[in-house]
1. Within segment A:433-460, track down each residue that is modelled with pLDDT of 95 or more and either open to solvent by 50 Å² or more (accessible area, probe 1.4 Å) or polar (S, T, N, Q) (or both).
2. Any residue that is at pLDDT below 95, within 14 Å of chain A (Cβ to nearest Cβ) and part of a helix (DSSP H, G or I) - is there at least one of those in segment B:251-258?
3. Hey, among A:Arg362, A:Arg334, A:Arg341, A:Arg353, which residue is buried (at least 20 other Cβ atoms within 10 Å of the Cβ), in contact (Cβ under 8 Å) with a residue 40 or more places away in the chain and among the basic types (Lys, Arg)?
4. Considering (1) over 27 Å from B:His419 (Cα atoms); (2) more than 11 Å from every other protein chain (Cβ to nearest Cβ), say which one A:Val215 fails and leave the rest.
5. Answer yes or no as to whether A:Gly376 is under 23 Å from the mean Cα position of the chain (by Cα), touching a residue at least 60 places away in the same chain (Cβ under 8 Å), farther than 30 Å from A:Ser66 by Cα and within 14 Å of chain B (Cβ to nearest Cβ).
6. If you take the residues of segment B:156-191 that are at the interface with chain A (Cβ under 8 Å from one of its Cβ atoms), small (Gly, Ala, Ser) and touching a helix residue (DSSP H, G or I) at 6+ places or on another chain (Cβ under 7 Å), which of them is nearest to B:Arg61 (Cα to Cα)?
7. Of all strands (runs of 3 or more DSSP E) completely enclosed by segment A:89-166, which ones contain at least 2 residues that are aliphatic (A, V, I, L, M) and under 29 Å from A:Glu14 (Cα atoms)?
8. Name the single residue, out of those in segment A:345-368 being outside any helix (DSSP H, G or I) and among the aliphatic types (A, V, I, L, M), that is nearest to A:Val238 (Cα to Cα).
2 protein chains.
Amino acid sequence: MGSLNTLSEIEAAEAELREFLADRVSSAAAVREHHSHGEDTHPPGMPDLVCFPRSTEEVSRIVEISARYHLAVVPFGAGTSLEGHVAALRGGISIDMRQMNRILRVSPADMDAMVEAGTTRKQLQKALENTGLTFFVDPGADATLGGMAATRASGTTAVRYGTMRENVLGLTVVLADGRIVHTGTRARKSSAGYDLTRLFVGSEGTLGVITEVTVRLHAQPEAVAAAICAFPTIEDAVNTVIEIIQLGVGVARIEFLDDRQVGAVNRYSHLDLAVKPTLLLEFHAISQASVDEAARMAEGLAAEHNSLGFQWQSTLAERERLWQARHDVYYATRALRPGSRVLTTDVCVPISRLAECIVATRTDLDTMSFPAVMVGHVGDGNFHVQCLLGEDQLTEADAFAERLVERAQSMGGTCTGEHGVGSGKKKYLAAEHGEGLEVMRMLKRTLDPENRMNPGKVLD
Amino acid sequence: MGSLNTLSEIEAAEAELREFLADRVSSAAAVREHHSHGEDTHPPGMPDLVCFPRSTEEVSRIVEISARYHLAVVPFGAGTSLEGHVAALRGGISIDMRQMNRILRVSPADMDAMVEAGTTRKQLQKALENTGLTFFVDPGADATLGGMAATRASGTTAVRYGTMRENVLGLTVVLADGRIVHTGTRARKSSAGYDLTRLFVGSEGTLGVITEVTVRLHAQPEAVAAAICAFPTIEDAVNTVIEIIQLGVGVARIEFLDDRQVGAVNRYSHLDLAVKPTLLLEFHAISQASVDEAARMAEGLAAEHNSLGFQWQSTLAERERLWQARHDVYYATRALRPGSRVLTTDVCVPISRLAECIVATRTDLDTMSFPAVMVGHVGDGNFHVQCLLGEDQLTEADAFAERLVERAQSMGGTCTGEHGVGSGKKKYLAAEHGEGLEVMRMLKRTLDPENRMNPGKVLD
C-alpha cells in the first residue's frame, strides 16, 4: 500500500502546515524513510509528510488539516515498535512527538506526574531524581510515554507495579477531527462515567493522538534485594514463581530466561551463569529486614522446587549489572548470529499454563532451522521469543509465531502481552475476541469514521 | 417519567418471556415496587416487568425480546445503589440478577475467580475459604459483583488492592441487541486491542448487562495489624496519610472519621473513642515482624503530626470490632436521628487538596440545619458525607451536595469516587469531562442507539 492521496492534496496540506510549523514539517525522503518503520520485520510504509509539533494545539491543527485533505495520521514516538505500529501504510502525516517532551507537573503529595507524550521513560526518571518517587513501567527500550500508553506497554516490574493500564491516570487526546479531549481527573479514582482513559490506552493511535500523559508514581523502595537462581527444569522455575506470588511477598521483578538465553547473556555481558532455566528476582521493601525476609521466603520456595541455589546480588553495582544484562538480552541475542534479522514476538497465558506453554514452544523451536531464545516476565505469564533469521527464514519463523499465538490462545491467553497488535497481529484478534472484535470495530467507526487514524493497525 | 410502552407491548413481551422463564417473570405490583429504587433519595421508577434469569443465555433472550418491543432494560443486583441506578425511570424490564449467583471457577494458581454477576461479595468470600486467597474490594454493602463492576465500586482496601477497575479481569456482557460479548482473556495482561473490560466497568448498565465477572484475587496477608489514632486537626490526620503512602509502607486500609462520625460510632457500637478527627489503619504483611515494622513507621509519622497516640488492636476480635464499627457507620449515623432520611454522597480529590476540601466542607455543613458526618477512604482522597434529613430539608441538602461537588471538581477532583453517577450526578459530568462527555455520548449511541439500556442514567 502507498499514499492514498494525490500530490496536490499533499502539497496543499504541506503549505498549510508550514504556516505554523515552518521547518518543523518535512517531505524529505530521508526523514520520511526514518518514519516508515519501527524495530520489526513488518512491512514499512513511507509517510508523505512528517511533522514535529511542540504543543497539543499544534497537534490539533495538524489533525484538523489532515481531516480536510483526507490524509492518514500516524503518531511516531521513539520508533521502538515491534509490531509495525509506526509504518505509514497509507501514507499521510507522521506526527513525530519527540519535541513534545516537557515535564508539565510532578506532584509528590499526589504521587503523580504529567508529561508531554514525547517524553521518554528515562527523561521522566531523571525529573524524579531526589523526589523519593519513581515511575516503574519499563518496557526495556527508552520509549516515549505516549507510545507506551498507546501500546499498553509494561515490562519487568508489572508483576508488582502494574502495566500502563494501571499507571496512566489521565490523557490528553486529539481526536480524528482535531478536537482535544482530556480524560480522567486528578483524583486517584472515580466512578463518574465511562473510562475514556482506558479506552485510549492500548488503542495504538487508531482512535486519536495522545499528546499528554498523567502517570502514577510509586515510592522508591527503601531496600532492594536481587538474586539469580537456576533450576533443572522450566516447570520447577515456573512453579516457584506461582508460589512466590501466591505468598504475597514483595517481588518486584521475576524474570525467566531459558537456557539458550542464559548462554547468550553470558557471552554478551561477560557473565558466568549456569546454562539452565533461570529466574532473576528482585524484592522491594521498606527496610533491609523486610526485604531480607521476603527474599529468604522466596529462596525457601525455590529450594522446594529443586533450585540450584540463590546467588545474591548484594551491592547496587551487582544488581545494576544483573538488570543491565536483562535489558541487554535483545542485543545479546543478536550477537548470537551477527547480521541476522530478529523476529521478536510475545504472548501471555494464565500462569497455571505457563510451564506447559514454554515447554511446548521450546519443543517447537527445536525443530526450526534458526536459533531462538526465550525470556519472560513470568510473574504475569508473559514471555518473548526472539528468532535469529538468516536469508529466507522469515516464512518459517512467521509460521512458528502463528503456532505460538494459537497455542497461547488455546490456553486462554492473549496474542500479545505487551508489544501490541500493530499491523503484525491483526489476524489473531478474531480468534481472541470473537463478537468483541465487532464491538471494537463499532468504536473505531464511531471515533474515526474515515479510518484515517493510524490505518492498517489493530483492526483493519 | 413512567413506562414508554403500551400495555399491549408489555403484555406481548411478558407472554414471550413466560415461555422460557415461567414464574421467573413478574408483573406483580409488590415485586415491581421492590425493583423501583435502591437505598437513596432519588426518584424511584417502577419497571413494567421483573425477570429473574438463571443464565447468560436467558439474559440474552430477555434483552432480545426487550429490543423487539422497545422496552427499557434495567439490571438489578442487591439494590444497594446510592445514586438511583436501579430505578426503572422509563419502565421496561428490571432484570434481577440474584439467581445468577454461581461460582463458576476459582483458580488458586492464577489467583482469579469467575462468578455469575448476581454473586455477592460475601458469597465469593465464602467460596474462597481455605484457598489462602481473598477478594479485597469491599464497598461496605454486600453488593453483587455485577453491580460492583457496573459502578466501578471500591471501598476501604482500594488504597492497597485497587478498585473494580483494577480487580476485574474480564466480563460477559449482553449488548442491547442481545449479542453476548466476552471481554478480556485469562492472561493477566494483554495489549491485544481496545480495553472492552474497562469500557463496561463503570458503565452502570447503560452499554449492556453484565452477566459474568472474572476477578483478581489476592493472597490473604500472613500478618495483620490495626490501630486507631486521633488527631487534634483534620490537617494533621491527612498529612499523616500522605506521608504513610509516600513511604510505601503496606497500609491496606486508612480510613478517616470526623469528630461527629466518631461520636456516632461511639454511641452505636459502644466504643469509647476520643471525639476527634480519627484514622483507622490496617497493615498487611507477610510476617508479624514486617507488619510490626510498617505499623511502627506509621506510628512515628503520626506522632510527628501531633497524633494523640496509636491504640493498637492486637487481637482478631479487636480488629473485627474496629472494622465492624467502620462498616456500621451508615447505621450508626442513622441512629443519630431515628426516622430521618439519609442523603449519602461521595467525592474524591487529589490527596494534596484533601484536608482543604474536608475543612471547607465541614465549615459549610456547620451552617446547615441538619446534622451530618464525614467518613472517608482518605488514602485515595475519597470521602463521604451523610446528611440526616427531617421533613423539608432535602432541598437544603441537595444544594449543599452541589456545592460539595463543585468544590471537589474545582480542586481537580471528581463528582463521585465510588458511588457512581446513576440519575443523581448526571448534571455534574459536563463540568468534569468537557468534550469527553460528547465522546461518552458517541459511545453510548453506538452501542445502544435506541437508548434502552438503563435509560436516564449517567448520560441523558
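The values are calculated or read from the model by the stated rules, or taken from the named source; none is laboratory data. Keep in mind that what you see is a predicted model, and the values were worked out from it rather than measured. Because the Cβ atoms are built from the backbone with ideal geometry, glycine has one as well, and the counts that use them run over all protein chains shown. These accessible areas exclude ligands, DNA and RNA; they are computed on the full protein's heavy atoms, side chains included. Shrake-Rupley method; radii C 1.70, N 1.55, O 1.52, S 1.80 Å.
1. Residues satisfying the conditions are A:Glu435, A:Glu438, A:Arg441, A:Arg445, A:Thr446, A:Pro449, A:Glu450, A:Asn451, A:Asn454.
2. No, the conditions are met nowhere in segment B:251-258.
3. Numbers: A:Arg362 fails: buried (at least 20 other Cβ atoms within 10 Å of the Cβ); A:Arg334 fails: buried (at least 20 other Cβ atoms within 10 Å of the Cβ); A:Arg341 fails: buried (at least 20 other Cβ atoms within 10 Å of the Cβ).
Every option except A:Arg353 fails the conditions.
4. (1)
5. On the way: under 23 Å from the mean Cα position of the chain (by Cα): yes; touching a residue at least 60 places away in the same chain (Cβ under 8 Å): yes; farther than 30 Å from A:Ser66 by Cα: yes; within 14 Å of chain B (Cβ to nearest Cβ): yes.
Against the criterion (under 23 Å from the mean Cα position of the chain (by Cα), touching a residue at least 60 places away in the same chain (Cβ under 8 Å), farther than 30 Å from A:Ser66 by Cα and within 14 Å of chain B (Cβ to nearest Cβ)), A:Gly376 qualifies.
6. Let us first name the residues in segment B:156-191 that are at the interface with chain A (Cβ under 8 Å from one of its Cβ atoms), namely B:158, B:162-163, B:165-166, B:175, B:179-183, B:185-191.
Imposing the further condition that a residue be small (Gly, Ala, Ser) reduces the set to B:158, B:162, B:187, B:190-191.
From the residues that got through so far, the ones that are touching a helix residue (DSSP H, G or I) at 6+ places or on another chain (Cβ under 7 Å) too are B:158, B:191.
Numbers: B:Ala158: 36, B:Ser191: 32 Å.
Filtering first and then ranking leaves B:Ser191.
7. Numbers: elements: A:93-96, A:103-107, A:112-116.
Fully inside segment A:89-166 and qualifying: A:93-96.
8. Looking only at segment A:345-368, we keep the residues that are outside any helix (DSSP H, G or I), and these are A:345-350, A:366-368.
So of that shortlist, the ones also among the aliphatic types (A, V, I, L, M) come out as A:347, A:349, A:368.
Numbers: A:Val347: 16, A:Val349: 12, A:Met368: 24 Å.
My answer is A:Val349.
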